[in-house]
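Participant: Okay, here's the structure, questions in a sec.
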Amino acid sequence: MQKLTCFLFVLFCTVTLSTAQNLKSPSDFLGYDIGTQFSRHHQVVDYFKHVEREMPNNVKLEQYGETNERRPLYLAYISSAENLNNIEAIRTNHLKNAGLIEGSPSDTSIAVVWLSYNVHGNEASSTEASMLTIYKLLTENQEWLENTLVIIDPCINPDGRDRYVNWFNETASSPYDIDPQASEHNEPWPGGRPNHYLFDLNRDWAWATQVESTSRLKAYNKWMPHIHVDFHEQGINEPYYFAPAAEPFHEIITDWQRDFQTQIGKNHAKYFDKEGWLFFTRERFDLFYPSYGDTYPTYMGAIGMTYEQGGHGRAGLGILNDEGHVLTLVERLTHHTTTGLSTVEISSQNAETLNSEFSKFFDNSNLKYKSYVLQGNADKIESLKVLLDKHEIKYGNASIGKVSGYDYKTGKQGSLNASSKDLVVSSNQPKGKMVKVLFEPDAKLSDSLTYDITAWSIPYAYGLNAIASTSNVNTLNSIEGKMPTMLPAAYGYVSQWKSLKDGQFLAALLKADIRVRFTEKPFTSNGKNFDRGSLIITKGDNAHLSDFLGTLNSVVRTENRILDIINSGFSTTTPDIGSPDIKLINPQKIAILSGEGTSSLSYGALWHFFEQQLKYPVTSIHTDDFGRTNLDKYNVLILPSGYYGSVLNDNNMKKLNEWVQSGGKVIAIDRALSAFSGKEGFSLEPKKDEEDAEEKDSKQHLISYAEREREYANDLITGAIFKTKVDNTHPMAFGYDDHYFTLKLGSSAYGLLDGGYNVAHLDNTKVYSGFAGQRALKKLDDTLVFGEERKGSGSFIYFVDDVMFRSFWENGKLFLVNSIFFVNNNAFEL
Ligand SMILES: [Zn+2]
């Protein structure tokens, strides 16, 4: 027996040695010195597969998803052979330690470190660094792996990375040109930063609207690491940035999380000092908005960090920066490799403490609000549940009774009568801190100078009434919703219009060639009231279909809708079904402008909305081609936020106006409004500053240099929530209440329309959540939020606030659907 063990041991050692000997460095494997070329994503994947093949005892690869362009998403698990052999036990112990699964952990000595590379596709040095990092971990730093599990995601955003790398490879000179004006340093629209749908994946962690994020969150929640690093790049003149982060810190961040960021930073500094490299800490990159690769992990108990190397899409393989330094890809990836390894080192040295402090983070018995109770439209509650499921946050149905607390609708103390249809999300659960961050009415801001929006509170985003209660609200087990039943033959059918799901239903009906009407006035039929916007489908309208009832039933089933039956066109209260107030919906042909001049984020959010959410076809037209585009092929033209100065020259503006006069609809979003505001023939006007400009100037002379930045904050709105007044008798607002909470992203303000409909406007400037500077606020009183201005037979429709921003403001999306299908429905049929 002993002999056999000895023999196996010798055999084991030989195998380990020989496999390690076959392990190639990235340079040997790729056939060029790492950093002298950009590696395409498949080459990176091939290298990681090579590492797994050569060191199967220490490395395990797992495909966790696939991008829109069908590139695989991988994680590499790296640790000692013993740990990797026990990986499932390590995982369950780790989750038990956090209270995320039942039971007490049998071992809490392993640190779990997750390194995420290249979330922004054109910050391309980090994926190169991921290859060198795994190689060095396995060949030079094996001892850290004894008590550390390292999880490497070599590329979070392969579609964006390859967009950048392919463009660079086809553009760059050989040898590379260090002149910053060379074309290889100037990416064309939209650049490689975002994913396929042009979303910034480093703003998508909390909303998880993109396939990369949803797939990653599944793996992330399975592991909930102690440490998470998100590797980035910034401008070519900036030194390296690492933790500790800048203020504001969200108030739930613990002292320990702050402390350990400092310890990590000091460990990095040791290596940077030795080489004489420049770096900075504690400035610029704060920890507040929850949807980043540093904050999200932080609110899930990790030490979440952003590391920033100078470089970015401008740097290429080498560039001469303003300080006269030639910044190379080799240098950039060397820095990222250094901080990656240093992170693993310091985590390994503190594995026990990481475990004990991690466990404390998940005790949430002391949070002020214990329960958030949400009430409203069942579809909206369903889509919120989908979001909570992505984060594995628990919820339940309310039991009947009165609940008191902070009332989101009024911004004061109040109450609601809860029923089993209402949703309760408790903060007394392991992920309670994330619950607080996402649901609390107004996140406490320690500093107004922040990197991003300061408001996102979920009840407002989902359009639900809510109470935040300081006591525990009882819950019941989930109750199943009603399922659609087979519709019998009838005169017609009605579907209420309340949510985006209703919009999706309409899109599906139109695609199935079913003719649909909507009502501009409320009516009663069969004793049931139907609001404005309700959809009416009649047998008489659909005689062109060979199997109308079968087709309708199939759409109703797929879209999961409950319809009401009407047996007669004679309504209990008018309008009757044949009334001119009940209008046929023309299937709309929609075009969207994209390309230079448009905001790629705004365009991308619209593209994703039509393709993946509404599932209704749109045609994207490049701004370069607008001059020769035949607009008569479309009913609706959407202008994403952007600068249209050169696209809408005199000729093109004339063309656009003539098309609208003859019945076209323009939908302009956010900054696109400036193409029309103050122009002849438009009643859209920018709101004048109340304060006398001269007076403001004279005050500003007295502001000290150091205080300039702070003074500037007075003019800022950095994402704040306001309550607007809504004219819900206008088709653009069908399905909405008489108020709507809007997310204002900036301080631009437009006066009320004289010659148009002010569908939603601000009549007071109470801030419900987020930061708004005093001067910016003054300007907002009596301003337009959504409106319509008619020209001839067509319309200009204005969205001052972008309802598609990052695609998370669920309750705003129906305004866009309404604008397309309901507003000015007399428009021509093609
Ligand atoms: Zn970045």
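Participant: Within region 125-173, can you find the residues that are acidic (Asp, Glu) and either surrounded by fewer than 19 Cβ atoms within 10 Å (Cβ to Cβ) or assigned to a helix (DSSP H, G or I) (or both)?
Facilitator: Listed by number, the residues that qualify are Glu128, Glu140, Glu143, Glu146, Asp159, Asp162, Glu170.
Participant: Next up: Which residue is surrounded by the most Cβ atoms within 10 Å (Cβ to Cβ), if the candidates are limited to region 85-102 and must be without any contact (Cβ under 8 Å) to a residue 60 or more places away in the chain and of a type outside the set (Asp, Glu)?
Facilitator: Ile90
Participant: List the strands (runs of 3 or more DSSP E) that sit entirely inside region 219-321 and contain at least 1 residues that are within 16 Å of the ligand (Cβ to nearest atom).
Facilitator: Answer list for region 219-321: 227-234, 246-249, 303-310.
Participant: Whether any residue in region 127-137 is of a type in the set (A, V, I, L, M), over 20 Å from Asn58 (Cα atoms), within 15 Å of the ligand (Cβ to nearest atom) and at pLDDT 95 or above is what I want to check.
Facilitator: Within region 127-137 (the criterion being of a type in the set (A, V, I, L, M), over 20 Å from Asn58 (Cα atoms), within 15 Å of the ligand (Cβ to nearest atom) and at pLDDT 95 or above), the answer is no, since none of the residues qualifies.
Participant: Quick one: is Gly770 surrounded by fewer than 21 Cβ atoms within 10 Å (Cβ to Cβ), in contact (Cβ under 8 Å) with a residue 60 or more places away in the chain, in contact with a strand residue (DSSP E or B) (Cβ under 7 Å, 6 or more places away or on another chain) and not aliphatic (A, V, I, L, M)?
Facilitator: Answer is no for this residue.
Participant: Separate question: Do you know which residues across region 727-767 are in a strand (DSSP E or B), buried (at least 20 other Cβ atoms within 10 Å of the Cβ) and in contact (Cβ under 8 Å) with a residue 60 or more places away in the chain?
Facilitator: Result: Tyr740, Phe741, Thr742, Leu743, Tyr750.
Participant: Another question, if that's okay. Taking the options Ser554, Ser579, Ser594, name whichever one is within 25 Å of Trp659 (Cβ to Cβ) and either surrounded by fewer than 21 Cβ atoms within 10 Å (Cβ to Cβ) or touching a residue at least 40 places away in the same chain (Cβ under 8 Å) (or both).
Facilitator: On inspection, the qualifying residue turns out to be Ser594.
Participant: Touching an Asp or Glu at 6+ places or on another chain (Cβ under 8 Å), among the aliphatic types (A, V, I, L, M) and without any contact (Cβ under 8 Å) to a residue 60 or more places away in the chain, is that true of Leu423?
Facilitator: No: the conditions fail for Leu423.
Participant: Let me ask something else about it. Taking Asp200 as the residue in question, decide whether it is closer than 25 Å to Phe439 by Cβ, within 16 Å of the ligand (Cβ to nearest atom) and surrounded by fewer than 24 Cβ atoms within 10 Å (Cβ to Cβ).
Facilitator: Considered against the rule, which asks whether it is closer than 25 Å to Phe439 by Cβ, within 16 Å of the ligand (Cβ to nearest atom) and surrounded by fewer than 24 Cβ atoms within 10 Å (Cβ to Cβ), Asp200 comes out as yes.
Participant: Also, quick follow-up: Give the number of residues within region 788-805 that are under 26 Å from the mean Cα position of the chain (by Cα) and crowded, with 21+ Cβ neighbours inside 10 Å.
Facilitator: Adding up the residues that qualify gives 8.
Participant: Identify, by number, the condition in (1) more than 16 Å from the ligand (Cβ to nearest atom); (2) closer than 23 Å to Ser80 by Cα; (3) assigned to a helix (DSSP H, G or I) that Trp114 doesn't meet.
Facilitator: (3)
Participant: Here's something else I'd like to know. Any residue at all in region 350-370 that's among the small types (Gly, Ala, Ser), part of a loop (DSSP other than H, G, I, E, B) and in contact (Cβ under 8 Å) with a residue 12 or more places away in the chain?
Facilitator: yes
Participant: State all residues of region 684-706 that are modelled with pLDDT of 70 or more and either among the charged types (D, E, K, R) or within 25 Å of Met804 (Cβ to Cβ) (or both); if no residue qualifies, say none.
Facilitator: Scanning region 684-706 gives Leu684, Glu685, Pro686, Lys687, Lys688.
Participant: Output the residues belonging to region 606-646 that are closer than 18 Å to Lys589 by Cβ, of a type in the set (Val, Ile, Thr) and out of contact with any helix residue (DSSP H, G or I) (no Cβ under 7 Å at 6 or more places or on another chain).
Facilitator: Correct list: Thr619, Ile621, Thr629.
Participant: For Ile453, state whether it is at pLDDT below 95, surrounded by 14 or more Cβ atoms within 10 Å (Cβ to Cβ), of a type in the set (Val, Ile, Thr) and under 22 Å from the mean Cα position of the chain (by Cα).
Facilitator: yes
Participant: Which of the residues belonging to region 187-214 are within 20 Å of Val165 (Cβ to Cβ) and of a type in the set (Phe, Trp, Tyr)?
Facilitator: Trp189, Tyr197, Phe199
The values are calculated or read from the model by the stated rules, or taken from the named source; none is laboratory data. Computed from a predicted model, the values in this text were never measured in an experiment. Positions of Cβ are backbone-derived with ideal geometry, glycine not excepted, and every protein chain shown enters the neighbour counts.
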